[in-house]
Ligand SMILES: [Zn+2]
Ligand SMILES: [Zn+2]
């Protein structure tokens, strides 16, 4: 079984209202390591740190950080990105194999000097910066949120050691390790999964990153604000494809980051199934 870290923060918003209780039967498993930003640490619970000011300045401009401070989401953003950095730290230390990061606010629309769309700091970029200081070099970011990851693209566009594959509405393009895969509306789970198999798997196998980041948003699910026609079972199935690719190319080193999505029901349905897949718990019967 994989050792899976869960990094939890829930300071704002409605969608995570059922957590961490919805992880009952998961948190007590011996291969699960849980870090919480909300509750005081006690035996077995680790306190989650906000991302440091020093690290922030290596990715985002001082002016942008000041602007985020005025939004009312600064603390949420620090802890959300902090979860991803903390996950990277523990993977680097060899304490966990993979991770699921809960966030209060997103990260993939946060660039070097701009942010929008409920994203403030780019957790994946901060974690990559951290890992590079620890000697790692190559990374892949796969983004299955409904929207284009313009912030992440802004930061890594010219970086040949980051493979960024974004499933969104943009026209298909593939330049210098920056790939957009156009998802039509409507699509089906089968079509989407087939695209992930075809566009993500061979590229990541060839690229051989040291860690894979998965920007997991469920906003492309039916009824969500980025509705692409996917069912609630699509993301656990996508998780399996990405996890198995990580197992083959980088000893399973995978960090899944909660991105877009608003439904409390879908979060409560999907996230435990994704963690189940990452940690190989076998509690849920997965289709396909
Ligand atoms: Zn989105
Ligand atoms: Zn895109």
Condition first: more than 15 Å from ligand 1 (Cβ to nearest atom), out of contact with any helix residue (DSSP H, G or I) (no Cβ under 6 Å at 6 or more places or on another chain) and closer than 17 Å to residue 272 by Cβ. Now tell me which residues in the stretch 208-235 satisfy that. 233
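Quick one: would you say residue 212 is closer than 26 Å to residue 49 by Cβ, part of a strand (DSSP E or B) and away from ligand 2 (no atom under 15 Å from the Cβ)?
When the stated conditions are applied, residue 212 passes them.
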I'd like the full set of residues that are out of contact with any strand residue (DSSP E or B) (no Cβ under 6 Å at 6 or more places or on another chain), within 12 Å of ligand 2 (Cβ to nearest atom) and either under 13 Å from residue 125 (Cβ atoms) or at pLDDT below 95 (or both), limited to the stretch 158-191. 169
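For the stretch 103-124, does any single residue satisfy the condition of being part of a helix (DSSP H, G or I) and at negative phi?
Filtering the stretch 103-124 down to residues part of a helix (DSSP H, G or I) leaves 123-124.
Filter again for at negative phi, leaving 123-124.
Yes, some residue in the stretch 103-124 is part of a helix (DSSP H, G or I) and at negative phi.
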Regarding the stretch 87-98, can at least one residue be identified that is under 12 Å from residue 123 (Cβ atoms) and part of a helix (DSSP H, G or I)? yes
Flagged pairs (Cβ under 6 angstrom, 6 or more apart or on separate chains; first in the stretch 150-176, closer than 17 Å to residue 114 by Cα and in contact (Cβ under 8 Å) with a residue 60 or more places away in the chain; second assigned to a loop (DSSP other than H, G, I, E, B) and more than 16 Å from ligand 1 (Cβ to nearest atom)) are 155/112
Run residue 247 past the list (1) away from ligand 1 (no atom under 16 Å from the Cβ); (2) touching a helix residue (DSSP H, G or I) at 6+ places or on another chain (Cβ under 8 Å); (3) at negative phi and report the number of the one that doesn't hold. (2)
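On the given criteria, is residue 283 in contact with a helix residue (DSSP H, G or I) (Cβ under 6 Å, 6 or more places away or on another chain), in contact (Cβ under 8 Å) with a residue 40 or more places away in the chain and either closer than 21 Å to residue 140 by Cβ or in a loop (DSSP other than H, G, I, E, B) (or both)?
On the way: in contact with a helix residue (DSSP H, G or I) (Cβ under 6 Å, 6 or more places away or on another chain): yes; in contact (Cβ under 8 Å) with a residue 40 or more places away in the chain: yes; either closer than 21 Å to residue 140 by Cβ or in a loop (DSSP other than H, G, I, E, B) (or both): yes.
Yes; evaluated as a whole, the condition is true for this residue.
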When residue 145 is run through (1) surrounded by 18 or more Cβ atoms within 10 Å (Cβ to Cβ); (2) out of contact with any helix residue (DSSP H, G or I) (no Cβ under 7 Å at 6 or more places or on another chain); (3) assigned to a helix (DSSP H, G or I), the failure sits at (3)
By residue number, the members of the stretch 244-269 that are part of a helix (DSSP H, G or I) and buried (at least 23 other Cβ atoms within 10 Å of the Cβ) are 245, 246
Being within 15 Å of ligand 2 (Cβ to nearest atom) and more than 13 Å from the chain's Cα centre (by Cα), is that true of even one residue in the stretch 117-138? yes
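The values are calculated or read from the model by the stated rules, or taken from the named source; none is laboratory data. Since this is a predicted model, take the numbers as computed values, not measurements. Cβ atoms come from the backbone with ideal geometry, glycine included; neighbour counts cover every protein chain shown.
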